[in-house]
Structure formats: C-alpha cells, structure tokens
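Here the structure is laid out as structure tokens; the discussion comes afterwards.
The values are calculated or read from the model by the stated rules, or taken from the named source; none is laboratory data. All values reported here derive from a predicted model rather than from experimental measurement. Positions of Cβ are backbone-derived with ideal geometry, glycine not excepted, and every protein chain shown enters the neighbour counts. Each accessible area value is taken on the protein alone, full model and side chains, heavy atoms only, with ligands, DNA and RNA left out. Shrake-Rupley method; radii C 1.70, N 1.55, O 1.52, S 1.80 Å.
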Amino acid sequence: MAIVEMVGKVALVALFYCIVVAVPRAIEGAITCELVVSDLAPCAGFLTTGGQVSTDCCNGVKSLQNSAATKDDRQMVCRCAEQTVSTLPGINLTNVRDLPGKCGVNFPYEITPGTDCSKVQ
Ligand SMILES: *[C@@H]1O[C@H](CO)[C@@H](O)[C@H](O)[C@H]1NC(C)=O
C-alpha cells in the first residue's frame, strides 16, 4: 500500500510538472485545461493526503474562480477540474469537496467525478 501511494505521488508530480512546464501559460481571458491544472497543481498534496492547505493552493483556487467569468468558462473549468481530479491516483474526494471551503472560496458546484458540467451555470 505504501508503495502504491508513493508511485501515485511520483506520477502525480510528474504529470503536473510535464503539463505546467511544457505548456505555456494561457492567454489572458481564455480558460484552458492547462490553466486549471497549473492552478490546482499546488493543491495536489492536500487533495491526496489532506493536512494543511497551502497559500499557493488557495491562490490557485481563487484565481481559477476569478478567471471563470462566463458560463462557458465555468463549464470549461468544471470539465477540466473533473478530468484532472478523476485521473489523479490516490485522490481523496472528501478533500476535493472540502478544498474550496478551506480556502474560503464559494465554488458554485462540486468538483467530483459525478458532476454534470453541462448543468453549470
Ligand atoms: C479522505 O480524507 C478524509 C478527511 O481528511 C479522511 O477522513 C478519509 O479517511 C480519507 N479517505 C481516504 C479514502 O483516504
């Protein structure tokens, strides 16, 4: 179990590293999955093992919320976040659900693999 956890964490870090480093930051105003992933990257530790939410992580969550100005943007963020979250090994869905609250952010929907993003307004 410990091995599985370790492999999962390494894969997680590698995944984020590849995406964040390989893809240039999104053009301002346009939401992309890369932006969502890079905003959520500092949250990986909390999302998998819990504990303290870092300032970087909360800043990412807030910037994600602020950059999603239109319904299309919000649906995009929803889809990307869901995709990101559901492909991460060792993710703890309780922590995913708690994350916005821990950062004092009021997300209009839950980022869980069951969320229907087409219903996001
Ligand atoms: C997920 O996190 C919660 C709260 O941190 C904890 O109570 C629960 O046991 C964790 N679940 C798993 C599957 O690790």
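When the residues of region 35-52 are filtered to those that are touching a Lys or Arg at 6+ places or on another chain (Cβ under 8 Å) and over 17 Å from ASN92 (Cα atoms), which remaining residue is farthest from the ligand (Cβ to nearest atom)?
The selected residue is LEU35.
Which residue is nearest to CYS117 (Cα to Cα), if the candidates are limited to region 71-105 and must be open to solvent by less than 10 Å² (accessible area, probe 1.4 Å) and away from the ligand (no atom under 16 Å from the Cβ)?
CYS78
Yes or no: ASP56 more than 21 Å from SER118 (Cβ to Cβ) and open to solvent by 40 Å² or more (accessible area, probe 1.4 Å)?
yes
Give me the residue from region 55-70 that is in a helix (DSSP H, G or I) and β-branched (Val, Ile, Thr) and, out of that set, nearest to the ligand (Cβ to nearest atom).
So the residue we want is VAL61.
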